[in-house]
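One structure is given here, and the rest of the page talks about it.
The values are calculated or read from the model by the stated rules, or taken from the named source; none is laboratory data. None of the values given here were measured: they were computed from a predicted structure. Every residue, glycine as well, gets a Cβ built from its backbone with ideal geometry; the counts of neighbours run over all protein chains shown. Only protein heavy atoms, including side chains, enter the accessible area calculation; ligands, DNA and RNA are left aside. Shrake-Rupley method; radii C 1.70, N 1.55, O 1.52, S 1.80 Å.
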Amino acid sequence: MNDIFAIQQEIAEAIAGMVGAQLPAARPTGDTNDGAVKAYDLYLRAMYFEGKRTTDGFSKGLELLQLAVDLDPRCAPIFARLATSYTLRAVYGLEAPKIAMKRAGDAASRALEIDNTLAHAHFARGFVSALYDWDWSGAGVHFRRALELNPGVPEIHHRYAVFYLSALGKTEEALWHIREAKHLDPMSIILQAAECAVLVWDHQYEAAIAKGERAVELEPTYFPGHMYLSWAYLYQGKAAESIQAAAEAVRLSAESPAALAALGNAYALAGRTDQAALIVKRMQQRPYIPSVYVSAVYAAMKKTDEAFSWLTRAARERSPALFSLLVGLWDQDIRRDPRFEVLTRSVGLDRGTHT
C-alpha cells in the first residue's frame with residue numbers, strides 16, 4: 001500500500017483491458033511512504049467536499065489539498081486538483097481572481113513540471129489558460145491533450161464542455177461531451193446539472209427544465225441543480241418557479257454569489273425590483289464583491305450603465321466568471337450595446353483562432 005496511485009492505475013488498466021480502452025502507463029507519484037498514502041486519502045476527501053460546490057465545501061476541500069501537498073510534494077495529481085480547486089473558487093465568486101488564479105496557475109504549472117503526461121495536469125492548465133489568461137487557443141491545446149492522454153475521465157469532458165466549448169458558443173459540441181461524460185459516469189449529479197446549464201445556453205429550454213427537474217429529484221441538496229433549473233424557468237417566463245428554484249439554491253449554498261445572482265435575475269423578471277436591489281446589496285456586503293454576478297442582476301433590472309460599470313470592473317480583475325459572456329443570462333439590451341462587443345473582445349471571445 002505504499003503507492004496508492006500506482007495501485008489505482010493498475011486497477012484502471014485491468015478494467016480497460018476488459019473493455020478495450022487505452023490508458024497511459026502507471027506513473028510514479030513521488031515518495032512511496034506512509035505520507036503518500038495519507039496524502040491520497042486527503043485528496044479523495046477533498047474531491048468529495050469540492051463536489052458539494054458550497055462555500056464550506058470549497059474551503060474544506062482546499063484545506064485538505066494543502067495538507068496533502070505538504071505530505072506528498074511531488075504528487076502531480078494533487079497539484080492538478082489544487083489548481084482546479086482554486087479556479088472553481090474564483091469562478092463561483094468566492095475569492096478575488098488575482099489571488100485564487102495566481103495560485104491556480106502555479107499549481108497547474110507544478111503538476112505539469114512533475115508529470116507532463118498526466119491528463120489532469122493538462123486539463124488544469126487549460127482551465128487556467130481559458131478562464132484567467134484568456135488564451136483560448138492555448139487552453140484548447142491543453143484540453144484536447146488531456147482528452148488524448150485519457151479520454152475516459154468524465155471531469156475532463158465536463159470542464160471542456162462547460163468552460164471552453166460553451167464559452168466559445170460551441171454548445172452542440174459541448175452537449176456531446178457532457179453526454180459522453182454521463183456515459184462514463186451515469187450517476188454523477190454534477191453532470192446531470194451541467195447538462196441542464198448547457199441546454200439553457202443552447203436555448204433548449206424545455207429540455208433544460210426536464211433535465212433540471214430530474215437533477216433536483218435525484219439530489220435535492222445539490223444547489224447548482226436548483227440554480228440551473230431557475231435559469232431554465234427564467235427563459236420560459238416562469239417567474240414564480242424561477243424564484244422558488246433560485247431561493248432554494250441560495251439556501252442550500254449558504255448564499256453563493258452565483259445563486260444570489262440567479263435569485264436577483266428571477267426577481268427582476270417578476271418585476272420585483274426592490275427585492276432584486278436587495279440581492280445586489282447582499283452581494284456587496286461580502287469580503288470579496290463578485291463583480292460579474294452584481295452586474296448580471298443590474299442587467300436584469302435594466303440598469304445598463306450600472307451593469308457595464310461592474311462588468312468593466314470584472315474585466316480589470318480578470319474574473320473567470322466572464323467565460324459566460326457569449327452564452328450567459330445577459331439581457332438583449334446589454335448584448336446590443338456597443339460596450340458589450342468591446343468587452344467580449346477584451347476577454348478574447350470574438351476571435352476566430354480557438355479551434
Can you go through Ala259, Ala210 and tell me which one is open to solvent by less than 20 Å² (accessible area, probe 1.4 Å) and either part of a helix (DSSP H, G or I) or more than 24 Å from Gly169 (Cα to Cα) (or both)? Ala259
Looking at the stretch 42-58, which of its residues are touching a residue at least 24 places away in the same chain (Cβ under 8 Å) and part of a helix (DSSP H, G or I)? Leu42, Tyr43, Ala46, Met47, Glu50, Gly51, Thr55, Asp56, Phe58
Residue satisfying condition, being polar (S, T, N, Q) and closer than 19 Å to Leu42 by Cα, within set Ser85, Ser129: Ser85
Tell me, which helices (runs of 4 or more DSSP H) lie completely within the stretch 286-342 with 2 or more residues that are of a type outside the set (D, E, K, R) and surrounded by fewer than 20 Cβ atoms within 10 Å (Cβ to Cβ)? 304-317
Within the stretch 135-171, which residues are in a loop (DSSP other than H, G, I, E, B) and within 25 Å of Pro224 (Cα to Cα)? Gly152, Val153, Ser166, Ala167, Leu168, Gly169, Lys170
Determine which single condition His142 fails, assuming it passes every other condition in (1) under 18 Å from Val327 (Cα atoms); (2) open to solvent by 10 Å² or more (accessible area, probe 1.4 Å); (3) modelled with pLDDT of 95 or more. (1)
Note on Glu113: of the conditions (1) of a type outside the set (Ser, Thr, Tyr); (2) open to solvent by less than 20 Å² (accessible area, probe 1.4 Å); (3) out of contact with any helix residue (DSSP H, G or I) (no Cβ under 8 Å at 6 or more places or on another chain), unmet is (2)
How do the pairs read when you match residues in the stretch 177-188 that are within 16 Å of Ala146 (Cα to Cα) with residues anywhere that are among the hydrophobic types (A, V, I, L, M, F, W, C) and assigned to a helix (DSSP H, G or I), using Cβ under 7 Å and keeping only pairs 6 or more apart or on different chains? His177/Ala161; His177/Leu165; Ile178/Ala161; Ile178/Leu191; Ile178/Ala194; Ile178/Val198; Ala181/Leu191
